[in-house]
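Below is one structure, written out as structure tokens, with a few remarks after it.
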Amino acid sequence: MRKSPLFLSALSVLAVLVGCSSHSGDYETITMADIDEEADLTEIACDFRIHPLKCDGPLDGIGGIKSWDDGSVMLARTNDDRKILRFDNYKLTSVLDRLGRGPGEYYFIEDFSYDKVNNCIYIENDSNLVTYDATTMEFKGKQRVNISLQNCLNVGDKMLYYGYYLGENGFRQDGDSIIIPFESLILVDRDERDLRKGVVLYQESGLQRLLMGYPELFFVNPKNYSTCLTGFVNRIVTFNDLEKVTEVYSFKVGNDAVSADLEALIEARKMGKDDFNGTITKLVEGLDGFNVFVRNVYNIMVDGNTISFRVAYTAKNEALGPYSQYLYFVRTDDKTKVYKHLRIPGLSRDIDPTGANGNHQIAIIENLGDLAIDESVPMSPLAQQIIDELKKQNDDNPVMLEFRFK
């Protein structure tokens, strides 16, 4: 779970509620009537690639995957957030396993990045990049940056950071007012650690991030400079010119009305000291009436005329019908399709992308033996290929599936 800055602890009760970001222009509203229960992935996607993940023994459970050099180098976080696995051409070559609080250790893995030029793996821990040799996994040191890190990513000769500038990462009193801290999405030269020398691509109130998710950099890569700014209105943005964010699609899930007063409160840069507690109470009361909350948006992919992503959400009283873990959006040529489950006929489990390679989504398919087969429907050719590769794997290791949405 993503860490919360200590100064937010007094307001942590709000963390399960929805927040917002400022928005201008039109947006699309998605309701239960717009959502299909499931989709046949073989019909809505293309360019499938199957990669058996090779290892001399059993692989740890794999969570999120980041890919560089068209998949020749991949880093995967394990499901328990303890280790980072390195794959070269889909074969496990090294494991970083240094969880702890001693010298040369990291105390959590939430986000990490690979720097090919310096042959480093960076793990963000608060305001430090804990650095390891990307080949030997030997500890190289801790590099301090002047923000409280939320996430980071190397993009060529630049680094992307998201967080609060140090010294501005608390609710500060200024006379009779409370100053609201702002988080920034910052692009800076790869080896520069003074982030005030970078370009601020986007900035927003700490109340917005307190109340909801954050711009997800995990799936950003040189073929897909895009992310989502979540809020009352959620904005898919690109930053292809590496100077600013450009909105390419905006959407809202559910038909809950948002009052102008509520939006203005969340966007405030400062509040009267005597009004602060009352304002927080008003926000809680206003947001508690919402039936659908978008918690965060992942796997954002802007691929030509196709925009795809998955949405983590909560809904009260089956406002969107039977609950599913995610909603999957596929928007092509201004037409949007939304699904609760992605299936491949013949396989028993949903396909859940948790990584990206260029403009391809990545999903791990676990080796469940006969339990991987759904005998209630005809076996599709793609499912048969996947089953055949799973049967060749030693130690019940998984295969990786890449694909692009049409």
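The values are calculated or read from the model by the stated rules, or taken from the named source; none is laboratory data. Computed from a predicted structure; not experimentally measured. Positions of Cβ are generated from backbone atoms using ideal geometry, with glycine treated the same way; all protein chains shown enter the neighbour counts. Quick note on the areas: whole protein, heavy atoms, side chains included, nothing else; ligands and nucleic acids left out. Shrake-Rupley method; radii C 1.70, N 1.55, O 1.52, S 1.80 Å.
The string of couplings for the stretch 254-267 from the Karplus curve (6.51, -1.76, 1.60, θ = phi - 60°) is x, 10, 5, 7, 10, 6, 4, 5, 5, 5, 5, 5, 5, 8 Hz, one whole number per residue in order, with x for Gly and Pro. Between Lys244 and Asn277, residue separation times 0.36 nm minus the direct Cα-Cα distance comes to 8.4 nm.
Cα-based Rg of the stretch 187-301 per 2.2 N^0.38 Å, rounded to two decimals? Present the calculation step by step, with values, prior to reporting the outcome.
Values: Rg = 16.3 Å, N = 115, 2.2 N^0.38 = 13.4 Å.
Scaled against compact globular proteins, the figure is 1.22.
The stretch 108-234: D in µm²/s via Stokes-Einstein (Kirkwood Rh, Cα pairs, 4 °C, 1.567 mPa s)?
Working: Rh = 15.4 Å.
Calculated translational D: 84 µm²/s.
Protein heavy-atom surface of the chain, 1.4 angstrom probe: 46% of the accessible area is carbon and sulfur, with nucleic acids and ligands not counted.
Using the Karplus relation 6.51 cos²θ - 1.76 cosθ + 1.60 with θ = phi - 60°, the per-residue 3J(HN,Hα) values for the stretch 295-304 come to 7, 6, 10, 10, 6, 5, 9, 9, 10, x Hz, with x marking Gly and Pro.
Remark: the chain projects, on average over all directions, an area of 20.2 nm² (convex hull of Cα atoms). Once the Kirkwood radius over Cα pairs is known for the stretch 168-229, the Stokes-Einstein relation at 4 °C and 1.567 mPa s delivers a diffusion coefficient of 95 µm²/s.
Across the stretch 286-355, how large is the tail of the calculated P(r) beyond 17 Å, expressed as a percent of all Cα pairs? Let's see the in-between values first.
On the way: 1236 of 2415 pairs.
Summing the P(r) tail past 17 Å for the stretch 286-355 gives 51 percent.
For Val73, the shell of other residues with beta-carbons less than 13 Å away shows a net charge of 0, using +1 for Lys and Arg and -1 for Asp and Glu. Backbone amide hydrogens, once placed in the peptide plane, bring Val73 within less than 5 Å of Trp68, Asn89, excluding anything fewer than 5 places away on its chain. Rolling a 1.4 Å probe over the heavy atoms of the protein chains gives the stretch 276-406 an accessible area of 44 Å² per residue.
The phi-based Karplus calculation (6.51 cos²θ - 1.76 cosθ + 1.60; θ = phi - 60°) puts the 3J(HN,Hα) values of the stretch 326-333 at 9, 10, 10, 9, 9, 10, 10, 6 Hz, whole numbers, x for Gly and Pro. Please express the Cα-Cα pair-distance distribution P(r) of the stretch 63-162 as a list of whole percents, one per 5 Å bin, running from 0 to the bin with the greatest distance. The percentages, shortest bin first, are 3, 13, 26, 28, 20, 8, 2, 0.
By a 1.4 Å probe calculation restricted to protein chains, Arg98 has an accessible surface near 80 Å², given to the nearest 10. Volume of the convex hull of the stretch 222-376 (Cα atoms only), normalised per residue: 165 Å³. With 22 Å as the limit, the listed pairs Lys83/Lys197; Lys116/Lys140; Lys91/Lys116 have Lys83/Lys197 beyond it between alpha carbons.
Look at the dipole of the chain built from charges on Cβ: of Asn169, Asn151, Thr42, the Cα furthest out on the positive end belongs to Asn169.
Distant-in-sequence amide contacts of Glu38, defined by a placed amide H-H separation under 5 Å and a gap of 5 or more residues or a different chain, comprise Lys340, His341.
Summary of the geometry: the stretch 185-199 and the stretch 225-284, compared by the centres of their Cα atoms, lie 25 Å apart. Cα convex hull, the stretch 193-233: 113 Å³ per residue, rounded to a whole number.
Rolling a 1.4 Å sphere over the protein heavy atoms, what is the accessible area per residue of the stretch 134-203, to the nearest Å²? List each step's numbers first, then the result.
Details: 2940 Å² over 70 residues.
Normalised by residue count, the accessible surface of the stretch 134-203 is 42 Å².
Charge tally for Glu168 (other residues, Cβ to Cβ under 14 Å; Lys, Arg +1; Asp, Glu -1): +2.
Could you work out the local net charge near Glu204, counting Lys and Arg as +1, Asp and Glu as -1, over the other residues with Cβ closer than 10 Å to its Cβ? Every neighbour counted, the sum reads -1.
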